[in-house]
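Please treat every number below as a calculation from the coordinates, not as lab data. Treat the numbers as computed from the prediction; the structure is a model and nothing was measured. Cβ: placed from backbone, ideal geometry, glycine included. Neighbour counts: every protein chain shown.
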Amino acid sequence: MIFLKSFNNSAALIQNEEGQEEVVLGKGIGFGLKKGDQVPEEKIERRFIPATQEDEINQVKQISSQTIDVTSKIVRMVEPLLQVKFNDFNYLALADHIDFALTRVEDNIDLNSANNSWEVKNLFPKEYAVANQVVELINTDLNVKLPKSEVVLMTYHMVNAESNDAQLQETVQITELITGIINIIQFQYQITLDTESFSYSRFITHLRVLLVRLIKHQKRTGEALDPSLLSFMKIKYTRAYETAQRISTYLHAKMGWTLEADDQFYLVLHIFRVTSRQD
């Protein structure tokens, strides 16, 4: 690995063994080296290929070295906690967010996402808890005081890392749709769902998968269920079926989606499970 030039202390342009140029990230990787010096392999934490990742490299050049360092530290902490792998897009989206968050602190700007913190905390409790740790790490390492609203915004990044191809704005949209669905169920049954229950956690996971697929206009995989099963559910779980129909109407009104029979079947099943012990 031959050093070519530095973008900042934590980002550099190097030449690999095949003679290709790479932009590499790592703490102190661009510090004190001259053109032609060897770059220690163990210092490299992430790499980008200019020929195929020009947009990403332009983004890297605009991010400060302290942000790159703290982002790398966050990723090392979060990946084992959530059992995820940050791809390049997730990494840069997080780094860009942190960089802008630091600017907002300097300018005393609070995006104030606290108004939906309850929903986010209850929809994504594990990710919210990790996001709290992320904000604390940033505050400690960079000697800043991010507002509490940043925990909600960081939660979206944690959720995003778990959804391989979901964009951040899609994660926010999915959160709003899930909140609407939960509100419909609670209104129909006149109950407050137990957000700590296993059934609730499974239901939220199911909704996330379903909504990502609908947003991406992806087809269901596998064989279709017997259509008579939905008719059976309508008779056996009438209340859950009627609630699922209201949710279908809600999704059609908000997004223009029409749920297939298989999606309706699984929705009824999950509604029954998540409410069965709370009637």
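Which one of Asn160, Phe187, Val130 has its Cα pushed farthest toward the positive end of the charge dipole of the chain, where Lys and Arg give +1 and Asp and Glu give -1 at the Cβ?
Sorting the options by dipole projection puts first Phe187.
Among 32-39, 1-8, 52-59, what's the highest-first ranking by average C-beta atoms within 10 angstrom per residue?
Going by the mean number of other Cβ atoms within 10 Å, highest first, we get 1-8, 52-59, 32-39.
Quick check: the distance between the Cα centres of segment 1-67 and segment 131-172, to the nearest angstrom?
Using only Cα atoms to place each centre, the spacing works out to 25 Å.
Per the helix-only calculation at 222 nm, which mean residue ellipticity applies to the chain, given -39500 (n - 2.57) for every DSSP H run of n ≥ 4 and division by its residues, nearest 500 deg cm²/dmol?
-19500 deg cm²/dmol
When the dipole is taken about the Cα centre of segment 114-184, and only Lys, Arg (+1) and Asp, Glu (-1) are charged at their Cβ, what size is it in debye, to the nearest 20?
Around 260 debye, computed over segment 114-184.
Are there trypsin sites (Lys or Arg not before Pro) in segment 48-138 that DSSP marks as loop and that have at most 13 other Cβ atoms within 10 Å, and which are they? The partial results should precede the final answer.
Details: sites: Lys61, Lys73, Arg76, Lys85, Arg104, Lys121, Lys126; in loops: Lys85.
Sites meeting the loop and neighbour criteria: Lys85.
Over the chain, with a Gaussian network built from C-alpha contacts below 10 Å, which listed residue (His157, His206, His217) shows the highest mean-square fluctuation?
The residue with the greatest mean-square fluctuation here is His217.
Of Lys85/Lys254; Lys216/Lys254; Lys126/Lys234; Lys43/Lys126; Lys121/Lys145, which sit over 25 Å apart, Cα to Cα?
Beyond 25 Å between Cα atoms: Lys85/Lys254; Lys126/Lys234; Lys43/Lys126.
Could you check which residue among Asn160, Asn87, Asn143 shows the biggest mean-square fluctuation in a GNM of the chain with a 10 Å Cα cutoff?
Comparing Asn160, Asn87, Asn143 in the GNM, the peak value goes to Asn143.
Can you compute log10 of I(q)/I(0) for segment 65-162 with the Debye formula, treating each Cα as one identical point scatterer, at q = 0.18, 0.21 Å⁻¹?
The calculated log intensity ratios at q = 0.18, 0.21 Å⁻¹ are -0.78, -1.08.
For the chain, with only Lys/Arg (+1) and Asp/Glu (-1) charged at the beta-carbon, what is the dipole magnitude about the Cα centre, in debye rounded to 20? Present the calculation step by step, with values, prior to reporting the outcome.
Numbers: 29 positive and 37 negative charges, 160 e Å.
Its charge dipole is roughly 780 debye.
What percent does the relative contact order of segment 1-156 come to when contacts are Cα pairs within less than 8 Å and at least six residues apart?
After rounding, I find 17 percent.
Is there a quick way to get the dipole size of segment 65-162? I mean about its Cα centre, with the Cβ of Lys and Arg at +1 and of Asp and Glu at -1; what is the value in debye to the nearest 20?
280
Relative contact order for segment 2-53: what percent, with Cα pairs under 8 Å and sequence separation of 6 or more?
In percent, rounded to a whole number, it is 37.
For a quick size check, give me the Cα extents of segment 1-57 along its three principal axes, largest first, whole Å.
28, 21, 18
Check each of the trypsin sites (Lys or Arg not before Pro) in segment 172-252 and keep only those in coil by DSSP with at most 13 other C-beta atoms within 10 angstrom; list them in order. Write down the numbers at each step before the final one.
Working: sites: Arg202, Arg208, Arg213, Lys216, Lys219, Arg220, Lys234, Lys236, Arg239, Arg246; in loops: Lys216, Lys219, Arg220.
Hits after loop and neighbour filter: Lys216, Lys219, Arg220.
For the chain, find the longest principal axis of its Cα atoms and tell me its angle to the long axis of helix 261-275, 0 to 90°, nearest 10.
Between the helix axis and the principal axis of the chain, the angle is about 90 degrees.
Under 18 Å from a label point 7 Å along Cα→Cβ of Ser231: give me every residue in segment 238-256 with its amide N that close.
238, 241-242
Given the options Pro147, Pro125, Pro50, state which has the largest fluctuation in a GNM of the chain using a 10 Å cut-off (strictly under) for Cα springs.
Among Pro147, Pro125, Pro50, the largest mean-square fluctuation in the Gaussian network model of the chain belongs to Pro50.
Could you list, bin by bin from short to long, the percent of Cα-Cα pairs of segment 184-275 in 10 Å steps?
Bins of 10 Å from zero give 16, 49, 33, 3 percent of pairs.
Taking the Cα atoms only, what angle lies between the long axis of helix 238-255 and the longest principal axis of the chain, rounded to 10 degrees?
50
Jot down the per residue volume, in cubic angstrom and as a whole number, of the convex hull over the alpha-carbon atoms of the chain.
Per-residue hull volume (Cα only) is 151 Å³.
May I ask for the angle, rounded to the nearest 10°, between helix 149-162 and the longest principal axis of the chain, with both axes built from Cα atoms and the value confined to 0 to 90°?
Result, in degrees: 90.
Simple spin-label model, 7 Å along Cα-to-Cβ: Arg76 to Lys254 in nm?
Going from the Arg76 label point to the Lys254 one covers 4.0 nm.
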